[in-house]
Structures are given as C-alpha cells and as structure tokens.
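Student: So that we are looking at the same thing, I have put the structure below in structure tokens.
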Amino acid sequence: MTLTQHVRNGWYLGAWSDEIGRTLKQRWITDLPVCFYRLPDQTVTAVEDRCPHRKYPLSLGHLDDDGTLQCDYHGYRFDGQGVCVGVAEQADKPKAALRRFPLVERDGAVWIWPGDPELADEGLLPDTSWLNDPNWTHVHGVVPLKARHLLLLENLLDLTHETFLHPTSIGNAAVAATPIDVTVDGDRVGFSRRMTGIEAPPFYEKSCGLTSPVDRWQDGDFYPPGIFVLNIRVAATGTEEPDGFHMKVLYGMTPGRGNETHDFYALGRDYLIDDQELTRFQHEQQLAVMQEDVDALEAQEIMYATDPGGTAESSIKSDLAALRGRRAVAKMLTREQQAGTARPRASA
Amino acid sequence: MTSPPTAAPDTHTLGSAEAGTPSAARRGTEFEGTATVVARQTVADGVVSLELAASCGEPLPPWRPGAHIDVVLPTGVIRQYSLCGPVKDTARWRVAVLREPDGRGGSQWIHDHLVEGGELRVRGPRNNFPLRPAARYLFVGGGIGITPLLPMIAEAEAAGAEWSLLYGGRTRASMAFLPELEGYGERVTVRPQDQYGLLDLTGHLGDPDRSALVYCCGPAGLIDAVEAHCAGWPTGALNVERFAAADVRQPAGDEAEQPIEVELRASGTTLTVPPGLSVLKAVEQAGVPVLSSCEEGICGSCETSVLEGEVDHRDSLLTDDERAANDTMLICVSRARGRRLVLDL
C-alpha cells in the first residue's frame, strides 16, 4: 500500500456544525489549508486559508460583523464570496479572490468537496438523517490521527481486528470467526457480518443490558473516498427485526496534512435515548476504542512510511472489503489524474 | 454462512515460535510451540492421521468441536487441520491429513517426511466452525471434510440430540474413519461416489426445519450444493467450513484442464501454460518480473492488464463488473476461457 496522495473529487466531513461559528477555524483537508467560518446569515463558508497577497493564513486574521474576512498581515479584506473588497494601504481594490470550497451543511455536519467544484454532487452523500432524528440520540467529535487515511479505511472495512485490538469492549472471538459478505455498488463497498448465538461483548452487555447468547449484526458501507457508516444491531438470540438494539456509527475519514487524518465520529442509538448515563458511558467507550485504533494505526503508519514499496503484504479472505476499498480509492485517484483535475484550480 | 479460514495467522504472527525453540508458549487458551507425533496411521487412501502431544509434556488446552490447529511446516507453509479426536483428551490432539498432489506441498511433506517421534510447530486451537446447541443436526461430510464433524457427532450423540450424517467420498477406500462411524449404526449414511454418484442432498436434508442445524464440511462443490439446498432455510441454520485450498474457484468445465497459450506482448514472448501451472508461475519461469504475494487470488498484487482473450476469473478480489470488463486479471489463479490470452507484460 503506497497510496498517500489524496482524492479530492469527493465529499469529506470537514467539520461538525457546532465547531464552526463566528471565529475562524483552520483545518487542513487533503493537503489544502481550509479556513471555515459563518457568515452573518449563519451559512458556513470555507476558503483556502492562504491570503493571495503573501500567503499568510487568513485564519490568523479576523471576521467582521458584516462577514468581511480580513488578513491580519497587510489588511486584505474579502467579502462573503471571497472576493477582495479592499486593502488598507491603497484606495484601489487589488484583483484577488479566494478559492471557495463547495459545502453542504446537513444534520449537524459540514461536508466539503476539496476538488473540482463542478463535480460536487450532493447526491453522493450518505443518509445522515439519524443524526437529526428525535427517535435517535448520538454523540460526536473528532480525534486526531497521525496515520494515512487508507489505514483508517482498512481498519473500518475489516472489523475482524475488533477481536484482537478491542477484546475488552466490542471484540470477541466471534467477530474474527464470522466471515463477511462483501458487495460493491459502483464505487461503494459494503460488507455484512451476521453473528448469531454468540457471547455478548462487554460493551453491548452494558449498553443494552443483554446477556449471552446474542445475535450481532454489522453492516458497513464505505462511500469513497472518506465516509464510512456502520449499522449495528444487537439482540437476544432469536429476536427478529425490527426488535433489538440499533446503533449507528459514522466515520468521516478526512485526510489532513501529509499522512495525518481527521478521524470524525458519531455514535448513535435508537433506544433509551434520554439516558444520559448511558450516553456518557457509550461516549467514553467510543473514545477508548478509538484510542486503541489510533495507537495501532500510528504504529502501523511508521511501519509503512519506513518501508516504501518494500516487503510484500500478506492478505487473507477477511481483507476483501478493505482491499476493494483500496481499489475504489485508487480508481478515483486515477480518474482524477487522467481528467487533470487532481490539482486544485489556481485562485482567480 | 461460509467460514473460510480467515482467522489463520500469517507467518509474522508466529514469530515467537521460531524453529528450534523447545518451549511452548500460551496466549490465552492457545498453545503455541512444538508438538511431537506420538502416533501416525494411514486411515484411508492418501489420508494419514497424526496424534500430537506437547513436546514439553504439558497438557494441551481444551477445545470444542469444530476447532482447528495451525501447523507450521519446516518449509514455512502454514496449514490448518481440524481436530478430530476426543474432546476430553488433553494429552493428545488428533488430526487427519489428505495428501494433496496439487497443493503447495504442505500435505506432501507431512506424508513423505513426518514420522512418529517427529516434531511440528503447532498453534491453536481456534474455532471458526463452532457447534451450536440444537435439537437436531444434519451433518454432511465430503472426503477429508469429515474431520471437524467427528467430534461434533460425538457431542451430539452425548447430548442425546437427534442427528444424522451423510458422508461422501470418491471411493470407499478413500474415506477415513469409516470403522469409527459405523459404530453409530443407521444414523450414518456412507455414499462413495464411484458406487452411488453425487450425494442425495435433497433426501438427507429434507424440508427446512426450524429445530435443525446443518453442518457441512468438504470440497467447494459440495458446500456450494448444500448452500443452494439450504437457501430457503432460516438464517444461521447452515454452518459450513471450507478448506483454504478448495476455496479458490474451481475450474469452469474442461477448459482449465487444457494448456493455454499466453502471449506477453510487452516482452515479445509467448508461453504455453500447462494445466496445474499458474499463469503467474509460467511468467516467472520465463524470467518476466511480476509482483505477486498471496498466490490465492486475494491480495491483487499480481493484477495484470489483459489485451486479448477471455479470462476465466478465479480470484476473490475482482467485482463482477471488473470481471465482465475482461481487461484485467489476477494471474496467480485465473486462467483463460479459450486457449489464448494476451497480457500486457
């Protein structure tokens, strides 16, 4: 696995809505510095975080009440469309404009398309209505990860690792012992694992008050290049749908700068939604599990980074979804490169 | 629900059991170390049974029906074998090994070189094929696939469950453990193919039955047939275990038995690839460098562009659309539908 370039013609989770306000927020996305902020009408905007004058980060500048963004190095000022409306030193307006990124704010998430704006298609976004559904509750956040995006992608597409990496929370022998069905629909890669009559992993035992044996289902969907949604269903063995406990996990796997990744997460459930204690427990568990992943992926990143094109990888059947995920991303990158749109357009 | 041997470790995870290390290590309830062959017996044509004991003399960890162990051969090859002796025996593990002339040499090494008193590195047990409680069991075994079923049958019998076994093989002489099974009387139906033809799955399995679980192990074709029969059964009723070697897609018809001509256009070479030799091996033997890794049609390292000819895809990685496009193939396992392929190598 050598792919360290980033697909840009695709949606990435850029920020949670509650992260963006009237202060300027910098976040690197696919090696592009991005400055997020809200205009007076509350719409979110994101521009390349480099002043076209001398590249100073605009996120170190400030935002006026009328939505004007000012660079705090030499005073370039930009309106809500990113067009330069003036500079302190002279009366004439310099010809300059900021590159603005297509955004969609929906269900508390801000999605960003770092590539060719003409290709940005909202229809490619997954259904996130559960983040905003009164019958569901969820927790969310973002965890920094010093490992390339593809390692996170493969982590999520091969949950067999739960058995070994998360044995005290969500993993047990049944996960690795149960093979997955893999489906590919266009660029999308899905997998499904049905564990029946298994021992309840500790997290679900506590989260759902279940005792063994249980049935546990995992249905994961990877929307390349950077979105993963896992549908979880846990129930006493033999319980038919739609009964049982449902949870969803959304991961935004957003490449940052170099081989760093923003690991966005949202964990939702459709039961005991007012139980604050349960929410706190689940959030702690989610972060603990993610920390186990982060530790593993960062250790793995060092091994890949120091072994460029070196030793061959061994693969097994349970890698199938992850290998297809890799191929999906590699194909997107090839398409971009062939179309000549891999590089961002120069600022106007 | 199929159960390919996905939990099998690769060689890296066995680092703590280096050759020559006499001690045994335990990780959780697993044994990892050297085992001595305390008994070896030919139990059918091409099948030997081995009884293994920990070389250090310690008891072996407990296991449940359906469990397998990993055997690490001196050649570095790792093979999984189902435990088929009594579950209660913590002094010895029994496995049975079929000589597979077309395999990668693991079983042949065992047949030709491993004698009583010999040592092997083993690890396990692990269970990808657990027996779940049920009132009624329908067992279907094909050839060496009988091995995981033996302890299952013993457990079903001890539990007082209703059970029956349909056991097929090429010939009666090739079918292992018949004397053991005959002790169960009418519950066991032995059907060698040279006398009875294909197994009567319809007669054995009958209609879907909510109280019954089906356990099947054997060659891919048999498992595919049982899966087809059980398509309408409740989810989870069918439990199968496939062998790694049999898991690669089987040849389509007789075409695979023919030699194929493979032109390597960029190299200006044309090869004849005989049956039994992979396109990858033929290309390597011709001195044309090509990346490869798993040689099982999984990892995609050997993916090669196809310029002409129709591919007989036998990999696990490509999607249906990618296969239909016929412009790429994994040359470690896939072959040609016709007699000729032109590759961009």
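Student: Inside the range A:110-123, can you point out the residues that are in contact with a strand residue (DSSP E or B) (Cβ under 6 Å, 6 or more places away or on another chain) and closer than 25 Å to A:ARG257 by Cβ? Please lay out each step first, then the result.
Tutor: Pass one, the range A:110-123, residues in contact with a strand residue (DSSP E or B) (Cβ under 6 Å, 6 or more places away or on another chain): A:110-112, A:114, A:122.
Hits for the range A:110-123 are A:VAL110, A:TRP111, A:ILE112, A:PRO114.
Student: Criterion first (in contact with an Asp or Glu (Cβ under 9 Å, 6 or more places away or on another chain), part of a helix (DSSP H, G or I) and over 26 Å from A:PRO33 (Cβ atoms)) does A:LEU287 satisfy it?
Tutor: Details: in contact with an Asp or Glu (Cβ under 9 Å, 6 or more places away or on another chain): no; part of a helix (DSSP H, G or I): yes; over 26 Å from A:PRO33 (Cβ atoms): yes.
Here the answer is no, as A:LEU287 does not meet what is asked.
Student: Which of the following residues is touching a strand residue (DSSP E or B) at 6+ places or on another chain (Cβ under 9 Å), surrounded by fewer than 17 Cβ atoms within 10 Å (Cβ to Cβ) and modelled with pLDDT of 90 or more: B:ALA266, B:ALA336, B:ALA286, B:ALA282?
Tutor: Working: B:ALA336 fails: surrounded by fewer than 17 Cβ atoms within 10 Å (Cβ to Cβ); B:ALA286 fails: modelled with pLDDT of 90 or more; B:ALA282 fails: surrounded by fewer than 17 Cβ atoms within 10 Å (Cβ to Cβ).
It is B:ALA266.
Student: Of all residues being small (Gly, Ala, Ser) and closer than 11 Å to B:LEU330 by Cβ in the range B:289-310, which is least open to solvent (accessible area, probe 1.4 Å)? Just the residue, please. Lay out the reasoning, then the answer.
Tutor: Initial filter on the range B:289-310 (small (Gly, Ala, Ser)): B:292-293, B:297, B:300-301, B:305, B:309.
Subset that is closer than 11 Å to B:LEU330 by Cβ: B:292-293, B:297, B:300-301.
On the way: B:SER292: 33, B:SER293: 36, B:GLY297: 0, B:GLY300: 17, B:SER301: 49 Å².
My answer is B:GLY297.
Student: Of the numbered conditions (1) closer than 30 Å to B:ASP321 by Cβ; (2) open to solvent by less than 40 Å² (accessible area, probe 1.4 Å), A:VAL184 satisfies every one except a single condition; which is it?
Tutor: (2)
Student: Restrict the check to the range B:145-152 and report whether at least one residue is in contact with a Leu (Cβ under 9 Å, 6 or more places away or on another chain), closer than 27 Å to B:PRO234 by Cβ and within 14 Å of chain A (Cβ to nearest Cβ). Working first, answer last.
Tutor: Filtering the range B:145-152 down to residues in contact with a Leu (Cβ under 9 Å, 6 or more places away or on another chain) leaves B:145-152.
Then keep just the ones that are closer than 27 Å to B:PRO234 by Cβ; that gives B:145-152.
Okay, now just the ones that are also within 14 Å of chain A (Cβ to nearest Cβ), so B:148.
Yes, there is a match, as at least one residue in the range B:145-152 is in contact with a Leu (Cβ under 9 Å, 6 or more places away or on another chain), closer than 27 Å to B:PRO234 by Cβ and within 14 Å of chain A (Cβ to nearest Cβ).
Student: So, one more: Is it the case that A:ALA266 is buried (at least 16 other Cβ atoms within 10 Å of the Cβ) and among the small types (Gly, Ala, Ser)?
Tutor: Numbers: buried (at least 16 other Cβ atoms within 10 Å of the Cβ): yes; among the small types (Gly, Ala, Ser): yes.
Considered against the rule, which asks whether it is buried (at least 16 other Cβ atoms within 10 Å of the Cβ) and among the small types (Gly, Ala, Ser), A:ALA266 comes out as yes.
Student: Now for a separate question. Sort out which residues of the range A:224-247 are open to solvent by 10 Å² or more (accessible area, probe 1.4 Å), closer than 17 Å to A:PRO201 by Cα and touching a helix residue (DSSP H, G or I) at 6+ places or on another chain (Cβ under 6 Å), and write them in order of number.
Tutor: If the condition is that a residue be open to solvent by 10 Å² or more (accessible area, probe 1.4 Å), closer than 17 Å to A:PRO201 by Cα and touching a helix residue (DSSP H, G or I) at 6+ places or on another chain (Cβ under 6 Å), then A:PHE245 is the only one that fits.
Student: Here's a follow-up. I'd like to verify a number: residues in the range A:53-107 that are closer than 30 Å to A:TRP11 by Cα, acidic (Asp, Glu) and assigned to a loop (DSSP other than H, G, I, E, B), how many?
Tutor: Qualifying residue count for the region: 5.
Student: Quickly run through the range A:81-115 and pick out the residues that are within 27 Å of the chain's Cα centre (by Cα) and open to solvent by less than 20 Å² (accessible area, probe 1.4 Å). Steps first, answer last, please.
Tutor: Applying the first criterion (within 27 Å of the chain's Cα centre (by Cα)) to the range A:81-115 yields A:81-82, A:98-115.
Scanning the range A:81-115 gives A:GLY82, A:LEU98, A:PHE101, A:VAL104, A:ALA109, A:VAL110, A:TRP111, A:ILE112, A:TRP113, A:PRO114, A:GLY115.
Student: Residues that are within 26 Å of A:THR178 (Cβ to Cβ), assigned to a strand (DSSP E or B), open to solvent by less than 10 Å² (accessible area, probe 1.4 Å) and in contact with a Pro (Cβ under 9 Å, 6 or more places away or on another chain): does the range B:83-98 have at least one?
Tutor: So far as the range B:83-98 goes, yes, one or more of its residues are within 26 Å of A:THR178 (Cβ to Cβ), assigned to a strand (DSSP E or B), open to solvent by less than 10 Å² (accessible area, probe 1.4 Å) and in contact with a Pro (Cβ under 9 Å, 6 or more places away or on another chain).
Student: Shifting gears a bit: Out of everything in the range B:320-333 that is closer than 18 Å to B:CYS294 by Cβ and in a loop (DSSP other than H, G, I, E, B), what residue ends up being least open to solvent (accessible area, probe 1.4 Å)?
Tutor: Ranking the candidates gives B:ILE331 first.
Student: Please determine, by comparing only the residues of the range A:181-214 that are in contact with a helix residue (DSSP H, G or I) (Cβ under 7 Å, 6 or more places away or on another chain) and closer than 30 Å to A:TRP11 by Cα, which one is nearest to the other protein chains (Cβ to nearest Cβ).
Tutor: Residue satisfying both the conditions and the ranking: A:VAL184.
Student: Right, next: Can you tell me which condition A:THR178 does not meet? The list is (1) within 11 Å of chain B (Cβ to nearest Cβ); (2) surrounded by fewer than 20 Cβ atoms within 10 Å (Cβ to Cβ); (3) in contact (Cβ under 8 Å) with a residue 12 or more places away in the chain, and all the others hold.
Tutor: (2)
Student: Sticking with this one: Only one residue in A:ALA173, A:ALA147, A:ALA120 is under 21 Å from the mean Cα position of the chain (by Cα), aliphatic (A, V, I, L, M), open to solvent by 30 Å² or more (accessible area, probe 1.4 Å) and more than 30 Å from A:ILE273 (Cβ to Cβ), so which one is that?
Tutor: Details: A:ALA173 fails: under 21 Å from the mean Cα position of the chain (by Cα); A:ALA147 fails: open to solvent by 30 Å² or more (accessible area, probe 1.4 Å).
Answer to the selection: A:ALA120.
Student: Quick one: which of B:ARG136, B:ARG94, B:ARG123 is at pLDDT below 90 and more than 14 Å from every other protein chain (Cβ to nearest Cβ)?
Tutor: B:ARG123
Student: To continue, here is another question. Give the residues of the range B:296-319 that are under 15 Å from A:VAL184 (Cβ atoms), at the interface with another protein chain (Cβ under 8 Å from one of its Cβ atoms) and not β-branched (Val, Ile, Thr), sorted by residue number.
Tutor: B:GLY300, B:SER316, B:LEU317
Student: Another question, if that's okay. Does the range B:148-161 include one or more residues that are within 20 Å of the chain's Cα centre (by Cα), open to solvent by less than 50 Å² (accessible area, probe 1.4 Å) and not hydrophobic (A, V, I, L, M, F, W, C)?
Tutor: The answer is yes, given that some residue of the range B:148-161 is within 20 Å of the chain's Cα centre (by Cα), open to solvent by less than 50 Å² (accessible area, probe 1.4 Å) and not hydrophobic (A, V, I, L, M, F, W, C).
Student: Additional query: Out of the range A:304-336, which residues are exposed (fewer than 13 other Cβ atoms within 10 Å of the Cβ), within 11 Å of another protein chain (Cβ to nearest Cβ) and free of Cβ contacts under 8 Å to residues at least 40 places away in the same chain?
Tutor: Just the residues of the range A:304-336 that are exposed (fewer than 13 other Cβ atoms within 10 Å of the Cβ), to begin with: A:306-312, A:334.
Okay, now just the ones that are also within 11 Å of another protein chain (Cβ to nearest Cβ), so A:309, A:311-312.
Scanning the range A:304-336 gives A:THR311, A:ALA312.
Student: Another question about this same structure. Could you grab me the full set of residues in the range A:129-144 that are open to solvent by 40 Å² or more (accessible area, probe 1.4 Å) and assigned to a strand (DSSP E or B)? Before you say what the answer is, go through the steps one by one.
Tutor: Restricting attention to the range A:129-144, the residues satisfying the condition of being open to solvent by 40 Å² or more (accessible area, probe 1.4 Å) are A:129, A:132-136, A:138, A:140, A:142, A:144.
A:HIS138, A:HIS140, A:VAL142, A:PRO144 - these are the residues of the range A:129-144 that are open to solvent by 40 Å² or more (accessible area, probe 1.4 Å) and assigned to a strand (DSSP E or B).
The values are calculated or read from the model by the stated rules, or taken from the named source; none is laboratory data. Remember, it's a predicted structure, so these values are computed and weren't measured experimentally. Counting neighbours? That spans all protein chains shown, and the Cβs are built from the backbone with ideal geometry, glycine included. Surface areas here come from the heavy atoms of the whole protein model, side chains and all, with no ligands, DNA or RNA. Shrake-Rupley method; radii C 1.70, N 1.55, O 1.52, S 1.80 Å.
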